[in-house]
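Derivation of every value follows stated rules applied to the coordinates shown; laboratory data play no part. Note that the coordinates shown come from a computational prediction; the quantities given were computed from them, not determined experimentally. Neighbour counts are summed over all protein chains in view; Cβ atoms, including those assigned to glycine, are modelled from backbone coordinates with ideal geometry.
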Amino acid sequence: MSKVLAIAASPRKQGNSEVLLDACLEGVREMGLRSEKIRICDLKISPCLNCGGCERTGECVINDDMQMLHAKFSVCDILIVSSPVFFMGLPAQLKAAVDRCQAIWVRKYLLRRRMPNLDARRALFLQVGGMKKKSVFEGGLITITAFFATLDYEFFDKLLFNSIDAKDAIKSHPAALARARQLGLEIASGRTHNVTNSQQP
Ligand SMILES: Cc1cc2nc3c(=O)[nH]c(=O)nc-3n(C[C@H](O)[C@H](O)[C@H](O)COP(=O)(O)O)c2cc1C
């Protein structure tokens, strides 16, 4: 049975992106899968130092909560990341975790060691931004695409909602929450698909 890891990237507890994530996890649950949700801001993850410590082994030498996340990435074949837009990109806490996956980049591209269960691995990206313009998602998407590829997750789909700013704003958009729930159902069902979406709710 697939293991599902969900990463909530906002420092705001039960902020818009976490509410969206919870709706998505409802769909996952409806398909009979259990998920583990981790709030990245609850973890202690220091930034990558480009120390080269991972270059021969593919293991990061910094000992903090990232070790635990690395282990989870190896066993979880469904990954769902939900984040706000911060300065046209990702919040620093999530970006630090992404950068610390340089050790996994080394494993894949230098040591030619891939993740287990390659055929089943897929990932979903949810993001909310406060501004009206849709270009706010471009920065985060470039990074998340590289992140999923490095971790051997197929980019299953994304759900991007702009003009969502004040706390709880997403709750006034039942269609957005319903879409997130639907995507949760779809990724958990094991069906393959790839729909692009960038919309106001
Ligand atoms: C530090 C910071 C930077 C932000 N930068 C942007 C931005 O560049 N573009 C944008 O659309 N929204 C930006 N926002 C607004 C958030 O993306 C928006 O409020 C979002 O709904 C927050 O989601 P959350 O409740 O899950 O944290 C920023 C908010 C903060 C706190």
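Observations on the model:
- Of the residues Gln182, Thr145, Gly27, the one whose Cα sits farthest towards the positive end of the charge dipole of segment 4-189 is Thr145 (charges of +1 on Lys and Arg Cβ, -1 on Asp and Glu Cβ, taken about the Cα centre).
- Of the peptides 48-60, 12-24, 132-144, the order by per-residue mean of other Cβ atoms within 10 Å, starting with the highest, comes out as 12-24, 132-144, 48-60.
- Crossing angle, helix 174-189 versus the chain [Cα axis fit, 0-90 degrees, rounded to tens]: 40
- As a proxy for reagent exposure, Asp77, Asp65, Asp119 were ordered by neighbouring Cβ count within 10 angstrom, fewest first; the result is Asp119, Asp65, Asp77.
- Estimated dipole of the chain in Debye, rounded to 20 [Cβ of Lys and Arg +1, of Asp and Glu -1, Cα centre]: 100
- Computed Rg/Rh of segment 81-162, alpha carbon atoms with Kirkwood Rh: 1.01
- Partner aspartates and glutamates for Lys72 [C-alpha distance under 12 Å; skip if fewer than 8 residues away on the same chain]: Glu36
- Angle of helix 66-75 to the longest C-alpha principal axis of the chain, folded into 0 to 90 degrees and rounded to 10: 80°.
- With only Cα atoms counted, the chain has Rg and Dmax values of 16.2, 50 Å.
- Structure note, pairs Lys3/Lys133; Lys13/Lys44; Lys3/Lys158: Cα-Cα distances above 24 angstrom occur for Lys3/Lys133.
- For the options Val61, Val28, Val85, a Gaussian network treatment of the chain with springs between C-alpha atoms closer than 10 Å singles out Val61 as fluctuating the most.
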